[in-house]
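Worksheet for the structure shown next.
The values are calculated or read from the model by the stated rules, or taken from the named source; none is laboratory data. Just so we're clear, the structure is a prediction, and the values are computed from it rather than from any experiment. Note that each Cβ is placed from the backbone with ideal geometry, even for glycine, and that neighbours are counted across all protein chains shown. Areas reflect the complete protein model, heavy atoms only, side chains present, ligands, DNA and RNA absent. Shrake-Rupley method; radii C 1.70, N 1.55, O 1.52, S 1.80 Å.
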Amino acid sequence: MQAIRSILVVMEPQHPEGLALKRAKLIAGVTQSHLHLLVCDKKGDHSAWLNDLSSTLGEEGFSVSTQQSWHDNPHQTIIAVQQAEGCGLVIKQHLPDNPLKKALLTPEDWKLLRYCPGPVLMVKTERPWTGGNILAAVDVGNADGEHRTLHAGIISHGYDIAGLAKGILHVTTAHPTPMLSAADPTFQLKETIEARYREQCRSFQAEYDISDERLHVLEGPADVVIPQVAHRLDAAVTVIGTVARTGLSGALIGNTAEVILDALESDVLVLKPDEIIAHLEELVAQR
């Protein structure tokens, strides 16, 4: 996170309290990143409001630029600007859609998580990060190269946020439920599955300096386990990663991150592996 030179902050004129901007100022205060404020709107003129914000932030010592833009819809606008400005992080306030609308249309924030070629921080609460618990969610059971790289990124960002917020990093991982049909008897008993999984975690814990007290291994699907642990820890931020499972043109990040986004009570940072980012950058360039 220290390497982020520029942050794209999505501004919502109808929500002028600016939760996304608060988080951006916290991060930029430590990383010295430039702040690029974006309003996604093709109708109204928000230049006076943006100029006032820019002046205030400039007086506070921040490097700032502003822009109002529109490309078909909000998520495409954000992605186009993120690519054009070379922003290493997008910060947006998450406003939940009503359930009926969500059943009929894919929410804009889900599309942003799917298609943005960079890390996205969704801000959900007003509560300060300072002194809070930071939760990093990993899939220790998957040790292939793509997952290992993604885990390194998740833990690294988790430690960065914990350092920045003077908080404590916790890690959670979910293991499968016992299957009576499994050929290997160790996969039929809850205790042996958890013991085996914790053993797999040992080298991971040693590599990333995660103590037993800060590692939370639970049985069940990730989209249930992660919100449970985040709630129990009262996490201020949850860091999750996404790996494509099926064709990239389909549901790119599967729906775990999307389901978790609405279930979590904390802010959510979503990361992607480099090869997915490269593919998404190609898609943006083809538009």
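For the reader, a short list of remarks on this structure follows.
- Computed FRET value (nearest 0.05) for His279 with Lys42, which takes r as the C-beta separation and R₀ as 41 Å: 0.90
- Net charge of Cβ neighbours under 14 Å - reference Leu215; Lys, Arg +1; Asp, Glu -1: -3
- Cys87 long-range amide H proximity, modeled H, under 5 Å: none
- The amide H of Leu35, built 1.01 Å from its N in the peptide plane, has Ile7, Ser63, Val64, Ser65 as neighbours under 5 Å, considering only residues 5 or more places off or on other chains.
- 1.4 Å probe accessible area per residue over the chain, in Å²: 46
- Structure-derived Cα Rg over 2.2 N^0.38 Å - corresponding label in (i) 1.00; (ii) 0.95; (iii) 1.04: (iii)
- Under the Karplus curve 6.51 cos²θ - 1.76 cosθ + 1.60, θ = phi - 60°, whole-Hz ³J(HN,Hα) for region 67-84, x wherever Gly or Pro sits: 7, 10, 8, 7, 9, 6, 7, x, 5, 5, 4, 4, 5, 4, 6, 4, 6, 5
- Long-range amide H partners of Thr125 with built H, under 5 Å: Asp267
- Theoretical FRET efficiency, 1/(1+(r/R0)^6), r = Cβ-Cβ of Gln200 and Thr106, R0 45 Å, to 0.05: 0.80
- Antiparallel beta bridges, as assigned by DSSP with both residues in the chain, represent about 10 percent of the total such bridges.
- Tilt relative to the chain, helix 145-164 - C-alpha long axis, 0 to 90 degrees, to 10: 60
- Heavy-atom accessible surface of the chain: percent carbon and sulfur, 1.4 Å: 53
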